[in-house]
2 protein chains.
Amino acid sequence: MRVNDPDIKFLFEPQAIAVIGASHNPTKIGHKIVANILEGGYPGQVYPINPKGGEILGLQVYKSIEEITDKIDVAVIAIPAKLVYEAVQSCAHHGVKFAVIITSGFSEIGNTEEETKLVAYARAHGMRILGPNIFGLYSAKASLNATFGPSEITSGNIAIISQSGALGVALVGKTKAANMGLSTIVSVGNKSDLAEEELLEYLVSDEGTKAIMMYIEGIKNGETLDTTLQMATKKKPIVVLKSGRSKKGAIAAASHTGSLAGADEIFSDIMGQSGVLRAESIQEALNWCQVLSSSPLPQGDNCVIITNGGGIGVLATDACEKYGVPLYDDIETMHNVFAEVVPKFGSVKNPIDITGQASLQDYGRALKAAMSYDEIHSIICLGCEAAGFDPEFFSTTIETLFSSHKLDKPMVFSFVGGPKIEESIYYLKARGVPIFFDVYEAVSTFGALYAHHRNLKEYMEEKTGITISDQEIDFGLIEEILNRVKQEKRQFLLAYEAEKLMQAARVPMPQSSIARNLDEVVKAAREIGYPVVMKVVSKDIIHKSDVGGVALDLENTDEVIDAYQAIIQNCRSRMPNAIIEGVEVAEMVQKGTETIIGARRDQTFGPIVAFGLGGIYVEVMKDVSFRALPIDRKEAIAMIKQIKSYPLLLGVRGEPQKDIERVLDTILKLGTILESCKSISDIEINPLMVYEQGKGVKAVDVRILLTT
Amino acid sequence: MRVNDPDIKFLFEPQAIAVIGASHNPTKIGHKIVANILEGGYPGQVYPINPKGGEILGLQVYKSIEEITDKIDVAVIAIPAKLVYEAVQSCAHHGVKFAVIITSGFSEIGNTEEETKLVAYARAHGMRILGPNIFGLYSAKASLNATFGPSEITSGNIAIISQSGALGVALVGKTKAANMGLSTIVSVGNKSDLAEEELLEYLVSDEGTKAIMMYIEGIKNGETLDTTLQMATKKKPIVVLKSGRSKKGAIAAASHTGSLAGADEIFSDIMGQSGVLRAESIQEALNWCQVLSSSPLPQGDNCVIITNGGGIGVLATDACEKYGVPLYDDIETMHNVFAEVVPKFGSVKNPIDITGQASLQDYGRALKAAMSYDEIHSIICLGCEAAGFDPEFFSTTIETLFSSHKLDKPMVFSFVGGPKIEESIYYLKARGVPIFFDVYEAVSTFGALYAHHRNLKEYMEEKTGITISDQEIDFGLIEEILNRVKQEKRQFLLAYEAEKLMQAARVPMPQSSIARNLDEVVKAAREIGYPVVMKVVSKDIIHKSDVGGVALDLENTDEVIDAYQAIIQNCRSRMPNAIIEGVEVAEMVQKGTETIIGARRDQTFGPIVAFGLGGIYVEVMKDVSFRALPIDRKEAIAMIKQIKSYPLLLGVRGEPQKDIERVLDTILKLGTILESCKSISDIEINPLMVYEQGKGVKAVDVRILLTT
């Protein structure tokens, strides 16, 4: 946001609104928008604009925005693409704060130049742009339906930001059908200027919004989005549905909105880091929002399943593992709580099975027992249609149970049965009871609720903070190295430069030094300690081992002397014209657990860090974790633990634990360097050898690239 | 099945049926069953039995089965558990073919003894038992509703076998609500005698059944089930929903039906091998059955998505990857097929996007274009509610499109929209149109359809057959070895015995021989070839390397002589009382890619074979594949390719490909041995070193156990 930018509040709560392209023809979008604004009961001023003048739906039509003397907060633009630039200019001159550009035909079809021009003009004149290529904006607080979608929108506390216009319009209908109320729905389309992050700022502070759903196809500025999300999820649950997970899907998404989907693995990890809940399908995202916007949060991890059918109880148990819902397993307590309300053939172990013989009253008793016991924190209520469940009283019983306890602890319902049960489910759904046709659907919403609960809990716990202090890294020295590289207009660091940079960051590398004669060689080897390796130093010799310019595993002075003489002789005889500057004597690196740490500026997501076990684990098993920078110690631990091969660092087959602490340090250091040194685009240590706990790590090979 | 066993057909198509425990009290199960049989319109004879006599629902009640002179095919038993044994005896004496025992209170609550007694008596007298602990049986062909569930069941072509009674009853209702017709629904409960496999035999031959769904909690006889499924899936699609996937779920399942869930990974692999389609949730299983029972099979892999909204098109593309639906990507052809029916702003690449401006007529044109082009084999039809889609005509347009083309190629629909669209979806669902509220739900059904299509295609392709001929394995020698072990009442083979057995199977092991003096040692080393390893042979020395009894990497005669002398001296001085029999001289095994092959008799699934890469891949990454035996070459290749670390065998980082052919041989050989030698319970080669292609494998360590 720039200093003279308008407050985002005016986009959602404008005092006056203009519709440029308001049409007299009821089949046109420009008419529908005016009609929706009026039908929605918007209390502010509405100015239809059309060069033809006249009247639309009883409103005076202005021929141009210049005719209006009032201040306009939002101008909705629905005119052909080629006329939009001129309209943007007029709006900006008139002091319009936000231009909502419905029109399509810009970057999504390759017409990026025109889009860039619009934005440049608007921003230079203190106006912001939403769109283009969108269906508009609905805001419950302003009673404003400035969309060309359905005229009836149920107001409520769920906010939706959709990148896709068509899907956004359909979601207006779908939420209405599901009786889910919206606080806002807005499409961002091509995100030429405003993107999700700015809209989130408003939604996070808007008291009418309890849960936020975003449909994303491509990301324009991953770094700001990520930063915004990290803060926003601490205030409100945010559900993201991102398409383009698959390769073909990513291609389809790119051709749909003209923005990059980015690698899905990175997106997933970064969303998890931000505390965002990632849904897979539209239905899942809506289900989650419904429960997240209405349910209290669980006070702890003791979830209990109550069922009258063993089979669906088992299915729900499986689903709890899949979705990360923690099940209560204190057998004694549950026996005490439920023994009186569960018949002999039933089960008082979780899932609590009150059997098919139970009546609705029995079911109610079991639910109330769970409700009144404080150590039970949430309840999954299941049922199969059974003789004991009188369909006539089913819906009212469930409705009463839910409404009298809905503020106490989270509850979710699922029932399997015939037409009457299904009718009851529709009835209950319409009354806001979180009830689902399938057990997995029901448990999935609790998965989201618990994930959000864990995010908040973690946030409330004391932060361990970033542990890399500036003293540990000599940034002065690093800048010196980088400046020299830049002066030479190189985009990569030479081996010795990368080595020096690692020294400045106190990341241990194998010791080495250049020796120019036999005395120096012997001295160097002694200082480094045996065994050593030796390599000829000559710009003229590329394939050093081919000409006998390399010697490995030298264990004592004699071997070092022999090897030095052999190397010099080999090189002189085979490459007589090469200028030999000396030999490099280096520590022979001991075998350890190979890891890879990389930090880079991702095109989509900004500065990120990656960690994985080396070689085949990364290459074949794709076992890598990603985080957006900056990260603290806790996040670095999480990313190390996330990889499937983590047990190798803990030590398998009786091996001792590896020096995880030093791996952690190195991750944090690379992150800090990338964050601080803006000219670095890539640092990769591959491999970072990790030794036993207390014996440290060694960066065997380091590659550093500069930004172009 | 035994020789005198009744034909399973009589269970589903009985001529006369008795209800033992028919009750005068309308609230009792024994009354409900009689009522359901009558209301269902069963045309055969119905004999209610109750010692009180009298009349129930107009039928004469018999005091005992002995009073009936007619032949009874099926007796439904609904009396207290303690009376069931007596009833079973009477039924058997009367020549009843099948006893359907509704009563619970047997093995599911630990009362296994009584259950075993029932079955033993029945089987000895040529009667079979279904249950106990079930809700009964419905058969459309016989117009027979012998359940205590809902009295109205919609007849159709889907068969359901449910292990859970409560869920079975609820599914009767749920299928009715969804307007899905059933050919049969039957619960198997405790599976004391009849299990899924016998019921499948009938259902596979029943022309009225087009798709079969099974809900399984535990498996009694995995081997026969697996064999039956392998055949059955070649005739009809079978969908399995198995609960107890998770650890806690498996425990819950065991306490619910008293049967073991078995390791879920093994179950999954074996179901895949059998061609069974495994659903995750009830809703998914039903959706799949609906499409599998009514849709034609695709004629090929070219699936096309047609949508009026880019967003859901991208979501569907992702879903296609998730569910294995192959998308057509011949850009030129699609351009030719769709260019005329797609507007300029749309997309003629898959997904075909006719844009939100399209009308229902445009949508119909696009669908018809896809229908009439032979190279398009299936169509996913999506839509968002949009201005062009007149809700009034929506459902009739879709219904007409579907019904006029439903026999041509598979079609599935999903639409997102408001109350009118949702109403239309209900309307269309009720008319048998495969239409779903969520895109993922829709695509998931195509995933099942394509999986079934691939199974059938693979089956039609020529079989490669089992390649291990008997000549390759010397079974005579193996039996000799095993007999000696059995004589000694051991349950494991000693190292040299296991080695001999591998020789008999021509599985190469490292060469070795026992030498008793220096001359023999030198000779042995020369024969084996350098380098060799050496190990003292003495029953008295357990920790051989601790006393200096082992020498590695001996490269020539001198080193061998030195090592021999050192070993003897070390052992004599440190273990003066040990009797030294000699030393073992063995080939030093070269490092290769470590794999593990195991064949064993699984408690739940019978003889199985497992394959994985060695060490950490199996231990840490759980990267193992399983198959039920026997397997052929093709299946063995599939199980090698299934593991995630398979690229390591293909060669990564410029390494050459490994000798996969010999791995394959070894898998087939272990399978064949386990199949042929019934006394072996376990064979495990760990590791089997795999070398470059053409250089073979080496079984470094082999462990063989016998059945107890």
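The values are calculated or read from the model by the stated rules, or taken from the named source; none is laboratory data. For clarity, every value in this text was computed on a predicted model and none was experimentally measured. No Cβ is skipped: glycine too gets one built from the backbone with ideal geometry, and neighbour counts run over all protein chains shown. For the accessible areas, the whole protein counts, side chains as well, though only heavy atoms, and no ligand, DNA or RNA atoms are used. Shrake-Rupley method; radii C 1.70, N 1.55, O 1.52, S 1.80 Å.
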Taking every DSSP beta bridge that has both residues in chain B, what percent is antiparallel when rounded to the nearest 5?
50 percent
Could you work out the relative contact order of the range B:480-545? I mean the mean sequence separation of Cα pairs under 8 Å and 6+ apart, divided by the number of residues, in percent.
17 percent
What residues in the range B:630-679 lose 40 Å² or more of accessible surface when the other protein chains are added to their chain alone (1.4 Å probe)?
B:Lys644, B:Arg653
Hey, can you rank A:160-172, A:7-19, B:544-556 by average C-beta count inside 10 Å, highest first?
A:160-172, A:7-19, B:544-556
Let me know the mean shielding of B:346-356 by other chains, meaning the per-residue number of their Cβ atoms within 10 Å of its Cβ.
3
Give, in nm to one decimal, the length gained when the segment between B:Lys234 and B:Lys695 is fully stretched (0.36 nm per residue of separation minus the Cα-Cα distance).
162.1 nm
Cβ crowding within 10 Å averaged over residues, with A:206-213, A:629-636 ranked highest first:
A:206-213, A:629-636
At what distance in angstrom do the alpha carbon centres of the range A:347-394 and the range B:674-701 lie from each other?
53 Å
Principal semi-axes in Å for chain B [√(5λ), Cα gyration tensor, largest first]
57, 41, 18
For the protein assembly as shown, which whole percent of the accessible surface, found with a 1.4 angstrom probe, sits on carbon and sulfur atoms?
50 percent
Shielding of B:239-246 by other chains, given as the mean Cβ count within 10 Å, works out to 4
Gyration tensor (alpha-carbon) shape descriptor, the range A:318-398, a/c threshold 1.5:
prolate
DSSP-defined antiparallel bridges as percent of all bridges, the range A:1-83, nearest 5:
15 percent
Cα-based convex hull, the range B:169-210, per residue volume (Å³, whole number)
62 Å³
Gap in Å between the Cα centre of the range B:110-148 and the Cα centre of the range B:494-511?
49 Å
Kindly tabulate the residues in the range A:383-406 with an accessible-area decrease of at least 10 Å² between the chain alone and the assembly of all protein chains, using a probe of 1.4 Å.
A:Cys384, A:Glu385
Between rounded, prolate and oblate, where does the range B:573-708 land on the alpha carbon gyration tensor, with a ≥ b ≥ c its root eigenvalues, rounded for a/c under 1.5, else prolate if a/b exceeds b/c?
oblate
Short version: which residues of the range A:139-174 lose at least 50 Å² of accessible area, all chains versus chain alone, 1.4 Å probe?
A:Ala170, A:Lys174
How much accessible area per residue does the range B:536-679 have, in Å², with a 1.4 Å probe?
44 Å²
Mind checking A:416-429 for the average number of partner chain beta-carbons within 10 Å of each residue's beta-carbon?
4
Report, for A:Thr224, each distance to the same residue's label point in the other copies, shortest first and in nm; define the point 7 Å along Cα→Cβ.
6.9
Interface B:A - total buried accessible surface [probe 1.4 Å, Å², rounded to 100]:
5600 Å²
What's the center-to-center distance, using Cα atoms, between the range B:176-211 and the range A:35-108 in Å?
64 Å
Mind checking the angle between helix A:29-39 and chain A's longest principal axis? C-alpha axes, 0 to 90 degrees, to the nearest 10.
60 degrees
Taking a ≥ b ≥ c as the square roots of the Cα gyration tensor eigenvalues, with a/c under 1.5 meaning rounded and otherwise prolate when a/b beats b/c or oblate if not, the range B:160-268 comes out oblate
Nearest 5 percent is fine: what portion of the DSSP beta bridges confined to the protein assembly as shown is antiparallel?
50 percent
About its Cα centre, how strong a charge dipole does the range A:298-348 have in debye, to the nearest 20, once Lys and Arg get +1 and Asp and Glu get -1 at the Cβ?
220 debye
Of all chain B residues, the one whose C-beta is nearest the axis that brings B onto A, in angstrom:
B:Met621, 3
Compute the label-point distances linking B:Lys28 to its equivalents in the other copies; points lie 7 Å from Cα along Cα→Cβ; give nm, one decimal, shortest first.
7.9
Given the peptides A:476-488, A:681-693, arrange them by the average over their residues of other C-beta atoms within 10 Å, most packed first.
A:681-693, A:476-488
What Kirkwood radius, in Å to one decimal, follows from the Cα pairs of the protein assembly as shown?
36.5 Å
Two-decimal Rg to Rh for the range A:332-374 - Kirkwood Rh, Cα set
0.92
At A:Val589, with labels set 7 Å past Cα in the Cβ direction, how many nm apart are the copies from this one, shortest first?
2.9
How large, in Å, is the range B:311-462 by the Kirkwood hydrodynamic radius built from its alpha-carbon pairs?
15.9 Å
So the FRET efficiency between A:Leu477 and A:Glu655, C-beta based with R0 = 45 Å and rounded to 0.05, is 0.75
Accessible area of the range B:299-381 divided out per residue, in Å², using a probe of 1.4 angstrom:
39 Å²
What are the trypsin sites (Lys or Arg not before Pro) within the range A:556-623 that DSSP puts in a loop, where the Cβ has at most 10 other Cβ atoms within 10 Å?
A:Lys591
